[in-house]
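Heads up: the structure comes next, in structure tokens.
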Amino acid sequence: MSETNRKLHINLFLFMAGHHEAGWRHPLAQPERTLDVNFYKHLAQTAERGLLDSLFISDNYSGTWRRFEPFTLLSGLATVTEHIGLIATVNTTYNEPFHVARKFVSLDHLSGGRAAWNIVTGGGSDAHNFGLDEHPEHAKRYENAEEFVEVVKQLWDSWEDDALIYDKQAGVQIDSNKVHEINFKGSSYSVKGPLNIPRGPQGHPVLVQAGSSESGKELAAKTAEVIFTAQQSLTGAQDFYRDVKSRLAKYGRTPEQLQILPGLSPILADTVAEAKDIENELFELTDWQGAINRLSERLGLDFSGYSPDSRIPSIEGARGTETIQGMKSRHQLLIDQINTEKPTFRELITHLAGARGHLTFTGTPLQLADVIEHWFKERGADGFNLMPPIFPSGLEIFVDKVIPELQNRGLFRTAYEGKTLRENLGLARPANIRHAVTQ
């Protein structure tokens, strides 16, 4: 795709009252509404007014996050939006391929072709809610995930596109010759098929992936069409961008078939001083001791006796990534940052509180547009995964003031390109593999 025709893609990451650790305590936040569907309806419709590509909901099966199950919420939002994509997170470790395939095709039909699957392999603490003593090993999870995704894709293709005929005269609704068993037998899964719902409007819902470990990047290169990533500098983002895009060719794919969207959490106001005031308010509201306790849990160390202004001790002796079965790449980045920069707890928590290690920005909409344009044109990103620190105000100012500036620069759409998420992302509708085999 030429530089002239290339356009930004922006996803909205829905996350409770906001992405800043103390965002829920800010006067503009509405945490009491995070179990109110009308709260999410407003966010979804605001994002669609801004012509954003999609909404994304993360998920896990443990903890006390007060979060909705993604399919339930996104099915509701599908009825009050028309164009914006709907990305649900579902992990491959504590689900079965048939269930996942069926749910996503259902959402794709209900939304008119706007469903997408964020593929993850699950978190360590989830294991205890599924009868397991420990989370499966990292490499094994990714090996299973690759097979899981293949089964799901084959199930999506178990119906040919023209299998539904609705011939009232002949009394035939489905051409049974165009519905196929898949008879998949692999090392982890054995699935007969076919799926019990026809192929969706997009053929396959869009596949999204968020891992940045070696296994994660390889899975993304093979299967993903959008990848979410945490990058804190343009140089790091460019390295990641080149790395992942360079892996596509061996799978018969082109760079345009994968959109890379780093997380971006901006604090915006009409002046820099006003934006700084909001930033300072948020940091004053941060629960420092609670954050230290969460850091202890995250690193597997006991920091309970340290004050916020203590320097974090070297963690060479801490459990390394070889024993981490959760977010391996993010864990290593954190260790590297601590050992290299030697920050105080307050400094590190201040850095992480903004968006858990994603790119943060404080300033005016015009300044943010400059940053977005620079990252985009310098091939550090194909767009961004927007993570407002406070909902709904952080989203509203982005839509009302940043989007028009990006449009004025010719970097962002002025109308949706099509009816489906694939069309809006510039992705082709996949051919039916089963149909090709039977020809």
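The values are calculated or read from the model by the stated rules, or taken from the named source; none is laboratory data. Everything quoted here is computed from the prediction, not taken from an experiment. No Cβ is skipped: glycine too gets one built from the backbone with ideal geometry, and neighbour counts run over all protein chains shown. What goes into the accessible areas is simple: the full protein's heavy atoms, side chains included, and nothing from ligands, DNA or RNA. Shrake-Rupley method; radii C 1.70, N 1.55, O 1.52, S 1.80 Å.
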Residue in region 205-228 that is open to solvent by less than 10 Å² (accessible area, probe 1.4 Å), free of Cβ contacts under 8 Å to residues at least 40 places away in the same chain and not small (Gly, Ala, Ser) present: yes
Complete set of residues in region 340-361 that are modelled with pLDDT under 85 and either open to solvent by 40 Å² or more (accessible area, probe 1.4 Å) or in a helix (DSSP H, G or I) (or both): Thr340, Glu341, Glu347, Thr350, His351, Leu352, Ala353, Arg356
In region 406-422, residue farthest from Pro266 (Cα to Cα) [restricted to those that are open to solvent by 50 Å² or more (accessible area, probe 1.4 Å) and without any contact (Cβ under 8 Å) to a residue 60 or more places away in the chain]: Glu417
Residue in region 100-122 that is of a type in the set (Phe, Trp, Tyr), modelled with pLDDT of 95 or more and in a loop (DSSP other than H, G, I, E, B) present: no
Index of the failed condition, Pro205 passing every other in (1) modelled with pLDDT of 95 or more; (2) out of contact with any Phe, Trp or Tyr (no Cβ under 8 Å at 6 or more places or on another chain): (2)
Some residue of region 57-79 being closer than 22 Å to Gln154 by Cα and part of a helix (DSSP H, G or I): yes
Residue count, region 105-122 (criterion: within 14 Å of His83 (Cβ to Cβ) and charged (D, E, K, R)): 1
Among (1) open to solvent by 10 Å² or more (accessible area, probe 1.4 Å); (2) at pLDDT 95 or above; (3) under 26 Å from the mean Cα position of the chain (by Cα), the one test that Arg294 misses: (2)
Candidates Thr92, Thr46 - the one that is under 30 Å from Ile278 (Cβ atoms), modelled with pLDDT of 95 or more and open to solvent by less than 10 Å² (accessible area, probe 1.4 Å): Thr46
Region 22-32 - residue that is open to solvent by 70 Å² or more (accessible area, probe 1.4 Å), of a type outside the set (Phe, Trp, Tyr) and part of a helix (DSSP H, G or I) and, of those, farthest from Thr286 (Cα to Cα): Glu32
Pair list, Cβ < 7 Å and 6+ apart or interchain, from region 127-148 residues that are under 18 Å from Gly211 (Cβ atoms) to residues that are among the aromatic types (Phe, Trp, Tyr) and assigned to a loop (DSSP other than H, G, I, E, B): Glu147/Tyr189; Phe148/Tyr189
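One line per residue, one yes/no per condition, for (1) under 21 Å from Asn385 (Cα atoms); (2) surrounded by fewer than 18 Cβ atoms within 10 Å (Cβ to Cβ):
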site	(1), (2)
Trp117	yes, no
Gly124	no, yes
Arg141	no, no
Ser158	no, no
Test: residue in region 108-124 that is touching a residue at least 12 places away in the same chain (Cβ under 8 Å) and over 28 Å from Ile182 (Cβ atoms): yes
Test: residue in region 69-77 that is free of Cβ contacts under 8 Å to residues at least 60 places away in the same chain, more than 30 Å from Val37 (Cβ to Cβ), in contact with a helix residue (DSSP H, G or I) (Cβ under 6 Å, 6 or more places away or on another chain) and surrounded by 19 or more Cβ atoms within 10 Å (Cβ to Cβ): no
